[in-house]
Protein chains: 2
Amino acid sequence: MSLRPTVDFLLNDWLGVEALNQRERFADHSRETFDAVLDTCERIAREKYAPFNRTVDTQEPHFDGERVVLPQATHDAHQAYAESGMLSAAQDYRLGGMQLPYTVEAAANAFFAMASVSIGSGMLTVGNANLLMAHGSEAQRRVFALNEFAGRWSGTMCLSEPQAGSSLSDVATRAVPDGEGFMDDPLGPRFRLKGNKMWISAGEHELTENIVHLVLAKIPGPDGKLPPGVKGISLFVVPKKLVDASAQLTGERNDVALAGLNHKCGWRGTTNTLLNFGEGKFPVRGAAGAIGYLVGQPGEGLRCMFHMMNEARIGVGMAATMLGMAGYHASLDYAKNRPQGRPVGPEGKDPSRPQSRIIEHADVKRMLLAQKSYCEGALALELYCARLVDEQHTGAPEAADEARLLLEVLTPIAKSWPSEWCLEANSLAIQVHGGYGYTRDFPVEQYWRDNRLNMIHEGTHGIQAMDLLGRKVLMENGRGLQLLAQRVNATIQRAIHTPELAAHANALGQALAQVGAATKAAWATANPAEALANAVPYLQAFGHTVLAWIWLDVALAALAAPDSPARTGRLGAMRFFFHYELPKTGAWLAVVSRRDPTCAELPEEAF
Amino acid sequence: MSLRPTVDFLLNDWLGVEALNQRERFADHSRETFDAVLDTCERIAREKYAPFNRTVDTQEPHFDGERVVLPQATHDAHQAYAESGMLSAAQDYRLGGMQLPYTVEAAANAFFAMASVSIGSGMLTVGNANLLMAHGSEAQRRVFALNEFAGRWSGTMCLSEPQAGSSLSDVATRAVPDGEGFMDDPLGPRFRLKGNKMWISAGEHELTENIVHLVLAKIPGPDGKLPPGVKGISLFVVPKKLVDASAQLTGERNDVALAGLNHKCGWRGTTNTLLNFGEGKFPVRGAAGAIGYLVGQPGEGLRCMFHMMNEARIGVGMAATMLGMAGYHASLDYAKNRPQGRPVGPEGKDPSRPQSRIIEHADVKRMLLAQKSYCEGALALELYCARLVDEQHTGAPEAADEARLLLEVLTPIAKSWPSEWCLEANSLAIQVHGGYGYTRDFPVEQYWRDNRLNMIHEGTHGIQAMDLLGRKVLMENGRGLQLLAQRVNATIQRAIHTPELAAHANALGQALAQVGAATKAAWATANPAEALANAVPYLQAFGHTVLAWIWLDVALAALAAPDSPARTGRLGAMRFFFHYELPKTGAWLAVVSRRDPTCAELPEEAF
């Protein structure tokens, strides 16, 4: 079974990405060039990633005293990925890129996430380089970003610290000017950094010649104190090995030292590190601190970093989605081949009949259809958001602005929803396998372990919920929420006149109205503590409503296609979502609407 | 933080177990003797189990070519457990037992499940021996059961086969009479067994001198064929090493051979095996096949095995519960000590304030209260069911019969509900820890992995659901369901006149009515295929309704106690369940009531 028909349907029949080639930036592209990229990525993922997914789980990164050792398969996969050109897929031709729409890039990367999420596909490196392209100086772009796009160097994002995980305002890494001439370095204002960074993915390895760290730190004020809050945060580029303005290694190691590897429940193919900056392990150029170059203006660090956050969060959502999808395909294959028991007929069971394959059991079908509904729905959502990114970057001004605002509202869902429900899909994939699913002889337990990370990194579920209810639905006087409602209503209007979909269109309309009412009720007292006390149930209800909308819209595209098993399957998954899932929103919204204080008010000693 | 106050409250203030000592069997017992047992178990669990829970996860059982090697800590823990007398806690004084009520035994064993579920507390051995006490011959009881109670030998249950997991009617292990004098063996009719048994926990190890396997197999008919269906299944006791009628090892190894160790996602402290019976690895006494002794009558094997099923399933539910509880306590401790961020106040956040401990965040409180509500509710349910076991065994005839029938209805919930919701609790415990929860430096990821087994073994979720909706609510003309409704209504009647509980009593009444209506609607066409197509959503809704009842009843006991933080906490957890959880039942029951065919009717090729 291949993912490709689903991707093709969503990209072409549903989103109509081919039409993007009417825009100047994508004028050289066509269905054929898009397909060629997808073909290449599908092939590399199949040959270089999928066969080694268990290898990277069992051969966890380890530090041999000098270097971090990863399996050879990881080196091979990274090399194949870099050689495919995917690291610079979205970049200008003049920079060696393909000028590929982000939608197609995201779809192509989905194959790697499904084959082996933790070998990775350079998402951090691309995000790092994109950030430098947007906010770096000409030299920073040329020296750092271009070598990341080329696969010569890789990149990290260093935000969290041991005492500051989700609370970035408490970042305590300190950056001070590096001597008299610090403003004159060709690579940017040169600082010395000192601090500890936690949860740094790909923070140390030998996959590439150099590692380009992007580091949040604070520049002390005249009183020597770090400015409080997020406004005091600046951004620095800190290479593991120092380089000159022509991008040659100078032969000097920067003072960035591995302080520890994190040993994780899953996602073990990616090194995750605690890094010490400027602790003196590798003293450099006769002064204390790791050398870093300011990116953008002082105090603008978080703004620069968040510029790339939407795409990073879509990337996490896509990873969660594809882990779910991997489990769905694995359990579907198992269910089609494993004989066990007999389905219940009108007269019960007949033990003299031979055993049936388990896909004939209604409850196994339920578990498979739930997975399909979660994962294919999530994939549609991620691709829809990716299409908004393209619209934001290449659409006409008004459409671009709408896309930007819609992305603000949808990103918390794109990140959180697959993290929760495609994890649930992975649990169902285990359940379909029975005892075998719980063993390491089958892949599904690893998908489930790998996927558990996604509710945590790039902003936890709780952070996404606060972002959605505390910021996104309020911004610009609620215009983002209104815009989303318009899109949802447009789908409802098309569906309400389609007999197969009319009832679902009504159900979606009701859910949308309930979300709107709950939003108002949550903020009725204008007290953030009351409004946000149930932000996560709000996020869950909002997410289910968005997914119901996505499914209804996908169903319209499915109905426009000729009859086929795939069409039947899409309509079945849509119906599953409306019958089994959407009704859950009522329970979640009830506590939001009455600003239920049960949790917030329980005193600590009562737990 | 200790579990003990919760156990004490549930046993004494809620269930009033002390009153059991008015029954002849328990006349020598008192609150003091019960407490002494709990004290001992709490201490052994703290000293011999908890410190080694990670050890048994990382030092997985392995086969060195001759024997299965387990960590020394596992040997020490087993020895301490056996020496405590808990293996024979429920047995008669004349057999060296304590004549302890099952309720107290179950509560005492909870401490081991919480400290290290996979080191185990002899549940299988006790279940095996209990089965022999009920169905074995005098010699089988004396030779096998008593030596299991004494801790000298351990026991297994060998049901599943590679081709027959949940479908026991397809068991293909073959048992044929062992020669002319096969009926004259003092240990019972002697057979030769040949077949493969899968998923056998504790199937091979060196913890005890011998292993007593209880094996389901079929005796071929005159035509040499195995009888189809479950009615052809017989039960055999098959020792790993042969013994004589005085329980001495004869020095002969029986032909039971380890064919493989299963490598699991979690629960790694317990060896799980594929065993070959009679494959010729250890030929014995010049004929083919492993020697086994018939227990009970031919064809009665499954009935004998299921005699013990309720207690085994309560045991699984308790294990799931205590894994959830372990995560709750760990994450509560973490939340009380980890500074991170600031809670949202009426004016938002003030970054100049020092960071707060995360228990001050509303969403962290929500995640903690959800865990408390799931796990303490589940513990109450398990102890309630255990109390029914005591009533069944020692109550007056009518009460005993009611207890038996209630147990039939409640067992699928006692097994499945904690398996699902205390697993969710473990996921929340990880989430409270953030990134740290995903590392193996903290215990919560292991609890989550360990707990994933419980929806699979001792009857999957799907099997429990079919049992509940397909058998238990129908049996004796629905009398079990009526009986449960009477108990629920009795609680409602008491609560409806209590101001703090009246609204919840009403909500429970409505949920109960909906479950009743959905049961009727599911069977309205009397077609099992239609009725059972949504058995799992039914199980989920039924379970949530039962838990709401349990919480309401617990709340009545809490309100009767003087004010205290623990009382506030119990009432808070009860409110959480009614506000956040019970409303979910509507979504689950909707598909049951309309016999939604979305899943069952989707053709295989449409997935």
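The values are calculated or read from the model by the stated rules, or taken from the named source; none is laboratory data. Computed from a predicted structure; not experimentally measured. A quick note on method: Cβ atoms are made from the backbone with ideal geometry, for glycine too, and the neighbour counts reach across all protein chains shown. Only protein heavy atoms, including side chains, enter the accessible area calculation; ligands, DNA and RNA are left aside. Shrake-Rupley method; radii C 1.70, N 1.55, O 1.52, S 1.80 Å.
In region A:9-23, what residues are out of contact with any Ser or Thr (no Cβ under 8 Å at 6 or more places or on another chain), free of Cβ contacts under 8 Å to residues at least 12 places away in the same chain and assigned to a helix (DSSP H, G or I)?
So in region A:9-23, the residues out of contact with any Ser or Thr (no Cβ under 8 Å at 6 or more places or on another chain) come out as A:9-10, A:12-14, A:16, A:19, A:22.
Narrowing further to those that are free of Cβ contacts under 8 Å to residues at least 12 places away in the same chain: A:16, A:19, A:22.
A:Ala19, A:Gln22 - these are the residues of region A:9-23 that are out of contact with any Ser or Thr (no Cβ under 8 Å at 6 or more places or on another chain), free of Cβ contacts under 8 Å to residues at least 12 places away in the same chain and assigned to a helix (DSSP H, G or I).
Just for helices (runs of 4 or more DSSP H) wholly inside region A:427-542: which have at least 2 residues that are open to solvent by less than 20 Å² (accessible area, probe 1.4 Å) and farther than 30 Å from A:Gly165 by Cα? So that I can check it myself, show each step before the final result.
Working: elements: A:444-451, A:461-467, A:475-496, A:502-522, A:528-531.
Of the helices (runs of 4 or more DSSP H) lying wholly inside region A:427-542, those with at least 2 residues that are open to solvent by less than 20 Å² (accessible area, probe 1.4 Å) and farther than 30 Å from A:Gly165 by Cα span A:475-496, A:502-522.
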Problem - A:His307, sole failed condition from (1) modelled with pLDDT under 95; (2) under 23 Å from A:Asn196 (Cβ atoms) - result: (2)
Practice task
Answer yes if at least one residue in region B:233-242 is farther than 11 Å from B:Tyr293 by Cα and touching a helix residue (DSSP H, G or I) at 6+ places or on another chain (Cβ under 6 Å), and no otherwise.
Solution key: yes
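State whether the residues of region B:72-91 include one that is acidic (Asp, Glu) and farther than 30 Å from A:His263 by Cβ. Lay out the reasoning, then the answer.
Narrowing region B:72-91 to residues acidic (Asp, Glu): B:76, B:83.
Narrowing further to those that are farther than 30 Å from A:His263 by Cβ: B:83.
Yes.
Please list, ordered by residue number, the helices (runs of 4 or more DSSP H) wholly in region A:64-140 having 2 or more residues that are in contact with a Cys (Cβ under 9 Å, 6 or more places away or on another chain). Walk me through how you get there before you give the answer.
Values: elements: A:72-83, A:102-116, A:123-135.
The helices (runs of 4 or more DSSP H) meeting that bar are A:102-116, A:123-135.
Consider B:Leu410 carefully, then state whether it is within 11 Å of another protein chain (Cβ to nearest Cβ), open to solvent by less than 10 Å² (accessible area, probe 1.4 Å), assigned to a helix (DSSP H, G or I) and over 28 Å from A:Gln446 (Cα atoms).
Values: within 11 Å of another protein chain (Cβ to nearest Cβ): no; open to solvent by less than 10 Å² (accessible area, probe 1.4 Å): yes; assigned to a helix (DSSP H, G or I): yes; over 28 Å from A:Gln446 (Cα atoms): yes.
The answer is no for B:Leu410.
Just to be sure, is A:Tyr102 modelled with pLDDT of 95 or more, open to solvent by 30 Å² or more (accessible area, probe 1.4 Å) and within 23 Å of A:Asn12 (Cα to Cα)?
Yes: the conditions hold for A:Tyr102.
Answer yes or no: is there a residue in region B:354-363 that is within 14 Å of chain A (Cβ to nearest Cβ), open to solvent by 10 Å² or more (accessible area, probe 1.4 Å), closer than 29 Å to B:Arg313 by Cα and assigned to a helix (DSSP H, G or I).
We begin by selecting, within region B:354-363, every residue within 14 Å of chain A (Cβ to nearest Cβ); these are B:354-363.
Going one step further and asking which of them are open to solvent by 10 Å² or more (accessible area, probe 1.4 Å), we end up with B:354-355, B:357-358, B:360-363.
Adding the requirement that they be closer than 29 Å to B:Arg313 by Cα leaves none.
Scanning region B:354-363, I find no residue that is within 14 Å of chain A (Cβ to nearest Cβ), open to solvent by 10 Å² or more (accessible area, probe 1.4 Å), closer than 29 Å to B:Arg313 by Cα and assigned to a helix (DSSP H, G or I), so the answer is no.
Confirm whether A:Glu382 is touching a helix residue (DSSP H, G or I) at 6+ places or on another chain (Cβ under 6 Å) and either acidic (Asp, Glu) or outside the structural domain of A:Arg452 (by TED's automatic domain parsing) (or both).
So A:Glu382 fits the description; yes.
Outside the structural domain of B:Pro101 (by TED's automatic domain parsing), within 19 Å of the chain's Cα centre (by Cα) and not hydroxyl-bearing (Ser, Thr, Tyr) - does that describe any residue in region B:270-278? Show your work before the answer.
Step one: of region B:270-278, the residues outside the structural domain of B:Pro101 (by TED's automatic domain parsing) are B:270-278.
Still in the list and also within 19 Å of the chain's Cα centre (by Cα): B:270-272.
Pick out the ones that are also not hydroxyl-bearing (Ser, Thr, Tyr) and you get B:272.
Looking through region B:270-278, at least one residue is outside the structural domain of B:Pro101 (by TED's automatic domain parsing), within 19 Å of the chain's Cα centre (by Cα) and not hydroxyl-bearing (Ser, Thr, Tyr).
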Fill in the blank from the handout: Flagged pairs (Cβ under 7 angstrom, 6 or more apart or on separate chains; first in region A:559-574, more than 11 Å from chain B (Cβ to nearest Cβ); second acidic (Asp, Glu)) are A:Leu559/A:Glu500; A:Ala561/A:Asp13
Fill in the blank from the handout: Result of the Cβ filter at 6 Å on region B:579-605, keeping first residues that are facing chain A (nearest Cβ under 7 Å) and partners that are open to solvent by less than 50 Å² (accessible area, probe 1.4 Å) and assigned to a loop (DSSP other than H, G, I, E, B), at least 6 apart or interchain, is B:His579/A:Asp596
Practice task
Please specify each residue of region A:379-417 satisfying the condition of being farther than 20 Å from A:Leu10 by Cα and not small (Gly, Ala, Ser).
Solution key: A:His393, A:Thr394, A:Pro397, A:Glu398, A:Asp401, A:Glu402, A:Arg404, A:Leu405, A:Glu408, A:Val409, A:Pro412
Handout entry: Positions within region B:147-169 being in contact with a Gly (Cβ under 8 Å, 6 or more places away or on another chain) and within 10 Å of another protein chain (Cβ to nearest Cβ), in sequence order
Key = B:Ser160, B:Gly165, B:Ser166, B:Ser167, B:Ser169
Problem - Where a residue in region B:355-378 is within 26 Å of B:Trp14 (Cα to Cα) and its partner, wherever it lies, is outside any helix (DSSP H, G or I) and open to solvent by 10 Å² or more (accessible area, probe 1.4 Å), with Cβ under 6 Å and at least six apart - result: B:Leu368/A:Phe607
Practice task
Filter the helices (runs of 4 or more DSSP H) completely within region B:551-607 down to those with at least 1 residues that are touching a helix residue (DSSP H, G or I) at 6+ places or on another chain (Cβ under 9 Å) and under 21 Å from A:Thr598 (Cα atoms).
Solution key: B:565-576, B:585-593
Practice task
Scan (1) over 22 Å from the mean Cα position of the chain (by Cα); (2) more than 19 Å from B:Gly155 (Cβ to Cβ); (3) in contact (Cβ under 8 Å) with a residue 60 or more places away in the chain for the single condition B:Ala115 breaks and write down its number.
Solution key: (1)
